[in-house]
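Since the structure comes first, as structure tokens, the remarks are kept for the end.
Readers should treat all values here as calculations from the given coordinates under stated rules, not as data from a laboratory. Note that the structure is a prediction, hence the values are computed from the model and not measured. Here Cβ is always computed from backbone atoms with ideal geometry, including for glycine, and neighbour counts include all displayed protein chains.
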Amino acid sequence: MTIDAEKHGNLRRRIAELGPWFHNLRIEGIETAPDHFLGDYPSFKWRHFKEAVPADLKGWSVLDIGCNAGFYSLEMKRRNADRVVAIDTDPHYLRQAEFVAAQSGVDIELRQMSVYDIAQLKEKFDLVIFMGVLYHLRHPLLALDLLREHVVRDLMLFQCMQRGAETIPELANDYDFSERSIFDRPDYPKLFFIENRYAGDPTNWFIPNKAAAEAMLRSASFIILQNPEPEVYLLGCGERDCAIEIPSVVSRSNAG
């Protein structure tokens, strides 16, 4: 066996030891999740909206929330981001991300942290990535409020699974207490609650339709700049509603 073949075999074994993988990454030509049920994920999705992110992020700071194995963190470093902080609650994924960063020769600051704890970072970032996390949270609107208040300086790249109607209705700002029929419209903003499991996952809690996803973002004082791909948004920061009370720090034991 040649040295290269031995090195390749050791790398393949290490990738297998770190499994299972949710992000399909390519490390020295070896795919980490070649049989992913979504296909070449998340690469195939990224190709459809990557132009929404500036090609050169030199001088930018990036926060990747729910980083998993670090696909998006790695892509931001490839775009010359000066600093990337990546957080996840799952140490299994953080071990994968640490391995991927080391193999790629890039510096990514990894922390085990919940989205509810982000005030502890005491820092705002030029770009926040919040992809595929919201529907896993028991308190989704609180999470959006905390993001807007504590870590988003300029832009946020956001994705959330959506189900139900995909049209955006024209709605009045207020309705009389006697009005009931509006709530029966399929395209009225709806947040579907999953009591048990969806797609075999007990952490899928709330899934919005398109109208609800966009309404929640606006309610948290984000501005929708682009919707380059279904379920994906590039957001800016709007003015905060003075009626919204934002807690500075939320204990995980209280947030769930």
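A few comments on the model shown:
- When peptides 114-124, 58-68, 42-52 are ranked by their average number of other Cβ atoms within 10 Å per residue, the highest-first order is 58-68, 114-124, 42-52.
- Relative contact order, percent, the chain [alpha-carbon distance under 8 Å, six or more residues apart]: 16 percent
- Around the amide H of His23, modelled in the peptide plane, lie the amide H atoms of Ala69, all under 5 Å away and 5 or more residues distant in sequence or on another chain.
- For the chain, DSSP calls about 45 percent of its internal beta bridges antiparallel.
- Near-label residues of the range 187-203 by backbone N, under 14 Å of a point 7 Å along Cα→Cβ of His92: 201-203
- About the Cα centre, charge dipole magnitude for the chain (Lys/Arg +1, Asp/Glu -1 at Cβ), debye: 540 debye
- Amide H contacts of Tyr198: Asn204, each under 5 Å away and 5 or more positions distant or on a separate chain (H built 1.01 Å from N in the peptide plane; Pro and chain starts excluded).
- Given charges at Cβ of Lys, Arg, Asp, Glu: the range 43-255 dipole, positive-most of Met156, Pro54, Ala97: Ala97
- Listed residue (Asn80, Ala119, Leu142) projecting farthest to the positive dipole end of the range 52-185, Cβ model: Asn80
- The helix-only estimate of mean residue ellipticity at 222 nm for the chain, built from DSSP H runs of length n ≥ 4 each weighted as -39500 (n - 2.57), is -8000 deg cm²/dmol after division by the residue total.
- Judged by the mean number of other Cβ atoms found within 10 Å, the most tightly packed of the peptides 191-197, 175-181, 221-227 leads the ranking 221-227, 191-197, 175-181.
- Net +/- balance of residues flanking Asp187 in space, Cβ distance below 12 Å, scoring K and R +1, D and E -1: -1
- Gap separating the Cα centres of the range 1-72 and the range 105-145, nearest whole Å: 20 Å
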